[in-house]
Amino acid sequence: MISVIMPVYNAEKYIKQSIESILNQSEQDFELIIINDGSTDKSEEIIKSFSDKRIKYIYQKNSGAATARNKGLDSALGDFIVFQDADDFSLPCRFEILKRHFKTSNIGIVHSDMLIINEDNSPLGYWQSRSMERNRVLRFFLKVGTFINGSSMMLRKEVFEDLRYDTTLKIGEDTNLILIALKYWDSVHVPEPLYFYRKHSNNTTKEKDYNTLALHVQRTIETNSIKDLIPEIDWKNELNVDCEAKA
């Protein structure tokens with residue numbers, strides 16, 4: 001079974017379409033865990049208008065998306081985990097295609113490309129992901145950025161045995177989690193736009209404060225050794241002091 005976790009905060013304009021895109025999946029063995037993060041609009045009314053028994057509704061005081069996702073993870077019963085934001089939606093074949101690529105036990109994450117849309121569902125751009133070996137992930141992130149969008153993923157439940165979202169991060173909490181998970185699990189890229197990511201005036205990614213935007217990068221630097229951060233230096237065969245100077 002698949003556990004779909006959907007944090008919701010004031011998403012009345014889009015949430016009906018988002019929920020329907022889950023209920024209309026070709027892969028029907030799932031539970032949809034909706035966590036209302038203290039919405040003040042009609043989101044709760046819209047959620048409760050659905051009578052599907054697979055929907056689990058949880059209300060919490062406004063605490064942020066990371067806390068909501070963690071609460072969803074604590075309630076999840078599925079073998080696989082999918083996240084979907086309440087203002088986005090999925091193609092009907094998304095779950096079926098992603099699940100199909102868990103072909104070996106070392107694969108922890110399967111992810112896809114995304115189509116970026118506006119408030120009226122019109123296309124704005126294409127978010128192209130990629131495949132990458134585990135030993136290249138950290139360096140690529142620091143030089144270029146993340147190669148996986150958190151919303152496009154399906155993950156094994158085992159990935160979360162000792163892992164949760166960092167609730168101190170307002171931006172980049174999904175990237176932070178991905179970087180930790182990819183230390184232990186392989187990933188597979190599906191080169192198809194299975195997810196529709198919506199850009200609008202209320203996206204948290206419109207945050208402008210540098211310290212808030214950069215905190216997950218700083219956290220990554222602080223929690224990894226200099227050897228892991230800069231692997232292109234010949235740490236094994238040169239003097240440590242010389243390597244540190246180069247780094």
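The values are calculated or read from the model by the stated rules, or taken from the named source; none is laboratory data. It should be emphasised that the depicted structure is a prediction, and the values quoted were computed from it without experimental measurement. Cβ sites come from the backbone with ideal geometry, for glycine too, and all protein chains shown count toward neighbours. Only protein heavy atoms, including side chains, enter the accessible area calculation; ligands, DNA and RNA are left aside. Shrake-Rupley method; radii C 1.70, N 1.55, O 1.52, S 1.80 Å.
On the stretch given as the range 143-162, residues that are within 10 Å of the chain's Cα centre (by Cα) and among the β-branched types (Val, Ile, Thr) total 1.
Across the range 150-200, what is the total count of residues that are in contact with a strand residue (DSSP E or B) (Cβ under 9 Å, 6 or more places away or on another chain) and polar (S, T, N, Q)? Matching residues across the range 150-200 total 3.
When the range 230-246 is limited to residues that are at pLDDT 85 or above and surrounded by 11 or more Cβ atoms within 10 Å (Cβ to Cβ), the one that is nearest to Asn176 (Cα to Cα) turns out to be Ile230. In this structure, Ile107 qualifies as under 25 Å from Pro193 (Cβ atoms) and touching a strand residue (DSSP E or B) at 6+ places or on another chain (Cβ under 7 Å).
Specify the residue that is surrounded by the fewest Cβ atoms within 10 Å (Cβ to Cβ); the eligible residues are those in the range 159-200 that are in contact with a Ser or Thr (Cβ under 8 Å, 6 or more places away or on another chain) and of a type in the set (S, T, N, Q). Looking at the filtered set, the residue picked out is Thr167. Output the qualifying pairs, or none if there are none: Cβ atoms under 8 angstrom, residues six or more apart or on different chains, first residue in the range 95-111 and closer than 21 Å to Ile5 by Cβ and modelled with pLDDT of 95 or more, second residue open to solvent by 50 Å² or more (accessible area, probe 1.4 Å) and of a type in the set (Gly, Ala, Ser). Close Cβ pairs satisfying both conditions: Phe95/Ser26; Glu96/Ser26. Residues of the range 134-151 that are more than 11 Å from Ser187 (Cβ to Cβ) and assigned to a helix (DSSP H, G or I): Asn135, Arg136, Leu138, Arg139, Phe140, Phe141, Leu142, Lys143, Gly150, Ser151.
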